[in-house]
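Trainee: First, the structure itself, so that you have it in front of you.
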Amino acid sequence: MSIEKFNDLFTELNQSIERDDFVKITLSKPLSKRNELTNVYIRLIYIKEEAQLSFTYRYKTNDQVKNYAFSEAKQLIADLLLASFRFATLFTLEKDVQVFVSKKKVVTTKNQYPSFKNKPPETHNKPKERKITNSEFLKHLGISDKEGNIIHKMADKYRQINKYLEIIDDLVSSSKLSNTIHIVDMGSGKGYLTFALYDFLTNQKGFDVEITGIELRQKLVDYCNDIAKKCDFEKLKFECKSIEDYTEKRIDILIALHACDTATDDAIFKGLSSKSDIIITAPCCHKQIRQQVKGTAQESPILKYGIFKERQFEMVTDTMRALLLEKENYQTKIFEFVSNEHTRKNVMLVGKKSSKKNDSKLIGQKIEQLKSDFGVTEHYLEKLIKEA
Ligand SMILES: C[S@@+](CC[C@H](N)C(=O)[O-])C[C@H]1O[C@@H](n2cnc3c(N)ncnc32)[C@H](O)[C@@H]1O
């Protein structure tokens with residue numbers, strides 16, 4: 001029986017369930033490149049308190065999820081390994097168990113150091129729909145390999161992209177945007193998120209979008225324009241210039257993800273000046289306010305400790321950004337958009353233009369109070385708005 005070939009794997013699986021440290025099983029390396037099924041991802045779930053294994057079948061263009069009782073699941077894993085895949089890994093908190101099936105169907109099993117320190121939640125939540133399905137651009141950007149499998153070290157980036165598309169999907173669905181959406185991504189870098197957004201909005205959502213990436217580094221601009229051409233993304237282009245020098249009047253959605261320090265303010269300001277419907281930022285390296293208060297005695301004992309001081313001024317900087325947006329009649333939200341297990345740069349500040357007038361006087365007072373509480377003389381975005 002095929003299942004006996006995998007006794008070692010299933011013994012390890014049983015033991016990890018008993019130890020309560022099962023993470024997941026993945027089946028990878030399809031036997032044929034033409035195989036529509038690229039990998040299978042198996043996690044533990046509980047249905048009416050009964051443990052089952054939930055299989056996510058990852059096809060080139062979509063995912064399918066099916067749940068099985070253990071005995072059935074083991075037979076399926078054995079069948080899949082003999083018919084479709086060369087490789088399986090059982091991830092537990094104690095070890096990774098790697099299974100290799102040779103061309104002659106000889107099975108070898110070896111143990112490795114564990115890749116995971118924490119278990120995923122054992123729920124029956126439907127896995128989130130993946131936003132990226134057709135993924136030619138992922139290959140060009142080095143996120144997936146030639147077979148379309150996500151490269152291990154790019155898994156966090158891939159997760160971040162999907163999360164980001166989920167957020168944009170909600171924002172776009174709840175906004176009234178014009179027929180052709182003009183999007184500018186300021187500080188677009190290597191363009192991971194810019195490409196994903198273009199693909200998602202045009203190829204999946206059917207919007208007519210024009211996306212421009214603004215980036216200081218010529219090398220990255222050339223790299224991204226070249227990939228846009230290879231992918232036939234006709235209305236995606238990248239320009240080498242600084243955010244400050246961007247002068248196009250029309251922006252419907254302004255994006256600035258991890259644009260360094262005050263580049264985020266420059267980008268928000270461009271969004272405000274063009275009355276952008278949506279402003280999406282993920283601020284990073286908050287130096288401006290921190291440097292301003294350097295050496296100034298701080299009243300609060302919290303500010304005695306370097307690490308807390310840094311966090312405090314990140315919060316002050318971004319709260320003031322949000323207040324300044326609210327003063328301009330935007331509704332704002334600040335939230336963590338990916339788990340901070342993967343990156344500390346995980347705060348997202350989103351502004352949505354509202355027809356409702358905010359109490360700008362009251363907001364102005366809140367800004368002044370915040371400045372006085374933390375000894376801040378000026379916020380860079382505030383300066384830009386004042387000078388305009
Ligand atoms: C940390 S990377 C982020 C890239 C991308 N947005 C992402 O999240 O993957 C920041 C990028 O912004 C660019 N940048 C920083 N300041 C800029 C400015 N004032 N104008 C244009 N680009 C800028 C940098 O060259 C860099 O490529």
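The values are calculated or read from the model by the stated rules, or taken from the named source; none is laboratory data. Fair warning: this is a prediction, and the values are worked out from it, not measured in the lab. So basically every Cβ, Gly included, is an ideal-geometry build from the backbone, and we count neighbours across all protein chains shown.
Trainee: In region 263-288, which residue that is closer than 11 Å to LEU384 by Cβ and within 22 Å of the chain's Cα centre (by Cα) is farthest from the ligand (Cβ to nearest atom)?
Mentor: Filtering region 263-288 down to residues closer than 11 Å to LEU384 by Cβ leaves 265-270, 272-273.
Checking the rest, the ones that are also within 22 Å of the chain's Cα centre (by Cα) come to 265, 267-268.
Numbers: ASP265: 10, ALA267: 8, ILE268: 12 Å.
Here the answer is ILE268.
Here's the yes/no breakdown for (1) over 16 Å from GLU166 (Cα atoms); (2) in the same structural domain as LYS249 (by TED's automatic domain parsing); (3) buried (at least 24 other Cβ atoms within 10 Å of the Cβ):
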{"site": "THR180", "(1), (2), (3)": "yes, yes, no"}
{"site": "VAL184", "(1), (2), (3)": "yes, yes, yes"}
{"site": "LYS190", "(1), (2), (3)": "yes, yes, no"}
{"site": "ALA196", "(1), (2), (3)": "no, yes, yes"}
{"site": "PHE200", "(1), (2), (3)": "no, yes, yes"}
{"site": "ASN203", "(1), (2), (3)": "no, yes, no"}
{"site": "GLY213", "(1), (2), (3)": "yes, yes, yes"}
{"site": "LYS219", "(1), (2), (3)": "yes, yes, no"}
{"site": "ASP222", "(1), (2), (3)": "yes, yes, no"}
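Trainee: Just name the residue that is farthest from the ligand (Cβ to nearest atom) out of those in region 157-193 that are within 24 Å of CYS240 (Cα to Cα) and of a type in the set (S, T, N, Q).
Mentor: THR180
Trainee: Scan ARG19, ARG86, ARG58 and give me the residue that is among the basic types (Lys, Arg), modelled with pLDDT under 90 and within 29 Å of SER135 (Cα to Cα). Even if it seems obvious, please write down each step before you answer.
Mentor: Numbers: ARG19 fails: within 29 Å of SER135 (Cα to Cα); ARG86 fails: modelled with pLDDT under 90.
Of ARG19, ARG86, ARG58, the one residue that is among the basic types (Lys, Arg), modelled with pLDDT under 90 and within 29 Å of SER135 (Cα to Cα) is ARG58.
Trainee: On to the next question. So, of the residues in region 120-136 that are of a type in the set (Ser, Thr, Tyr) and under 20 Å from ASP208 (Cα atoms), which turns out to be modelled with the lowest pLDDT? Full working, then the answer.
Mentor: First, the residues of region 120-136 that are of a type in the set (Ser, Thr, Tyr): 123, 133, 135.
With under 20 Å from ASP208 (Cα atoms) added as a condition, the list becomes 133, 135.
Numbers: THR133: 59, SER135: 71.
Result: THR133.
Trainee: Taking the condition of being outside any helix (DSSP H, G or I) and modelled with pLDDT of 75 or more, how many residues in region 287-299 meet it?
Mentor: Looking only at region 287-299, we keep the residues that are outside any helix (DSSP H, G or I), and these are 287, 293-299.
Narrowing the set further to residues that are modelled with pLDDT of 75 or more leaves 287.
So the answer is 1.
Trainee: Taking GLN292, is it within 14 Å of the ligand (Cβ to nearest atom), of a type outside the set (Phe, Trp, Tyr) and in the same structural domain as TYR223 (by TED's automatic domain parsing)? Can you show your working first?
Mentor: Working: within 14 Å of the ligand (Cβ to nearest atom): no; of a type outside the set (Phe, Trp, Tyr): yes; in the same structural domain as TYR223 (by TED's automatic domain parsing): yes.
In short, no.
Trainee: Right, another one. Search region 215-248 for residues being over 22 Å from SER135 (Cβ atoms) and aliphatic (A, V, I, L, M), and hand back the single one that is farthest from the ligand (Cβ to nearest atom).
Mentor: Applying the first criterion (over 22 Å from SER135 (Cβ atoms)) to region 215-248 yields 215-219, 221-222, 239-248.
Pick out the ones that are also aliphatic (A, V, I, L, M) and you get 216, 221, 243.
On the way: LEU216: 4, VAL221: 10, ILE243: 4 Å.
Of everything passing the filter in region 215-248, VAL221 is farthest from the ligand (Cβ to nearest atom).
Trainee: May I ask you to verify whether THR264 is assigned to a helix (DSSP H, G or I), crowded, with 23+ Cβ neighbours inside 10 Å and touching a residue at least 24 places away in the same chain (Cβ under 8 Å)? Walk me through it before giving the result.
Mentor: Working: assigned to a helix (DSSP H, G or I): yes; crowded, with 23+ Cβ neighbours inside 10 Å: yes; touching a residue at least 24 places away in the same chain (Cβ under 8 Å): yes.
Taking the combined requirement at face value, the residue satisfies it.
Trainee: Of the residues that sit in region 194-214 and are hydrophobic (A, V, I, L, M, F, W, C) and in contact with a Lys or Arg (Cβ under 9 Å, 6 or more places away or on another chain), which one is farthest from the ligand (Cβ to nearest atom)?
Mentor: Taking region 194-214 and keeping what is hydrophobic (A, V, I, L, M, F, W, C), we get 195-197, 200-201, 207, 209, 211, 214.
Within this subset, residues satisfying the condition of being in contact with a Lys or Arg (Cβ under 9 Å, 6 or more places away or on another chain) are 196, 200, 209, 211, 214.
Values: ALA196: 10, PHE200: 15, VAL209: 17, ILE211: 13, ILE214: 5 Å.
Filtering region 194-214 for residues that are hydrophobic (A, V, I, L, M, F, W, C) and in contact with a Lys or Arg (Cβ under 9 Å, 6 or more places away or on another chain), the one farthest from the ligand (Cβ to nearest atom) comes out as VAL209.
Trainee: Pairs needed: first member in region 229-248, outside the structural domain of TYR198 (by TED's automatic domain parsing) and more than 20 Å from GLY206 (Cβ to Cβ); second member anywhere, more than 14 Å from the ligand (Cβ to nearest atom) and at pLDDT 95 or above; C-beta distance under 7 Å; at least 6 residues apart or different chains.
Mentor: Matching pairs, first to second residue: none at all.
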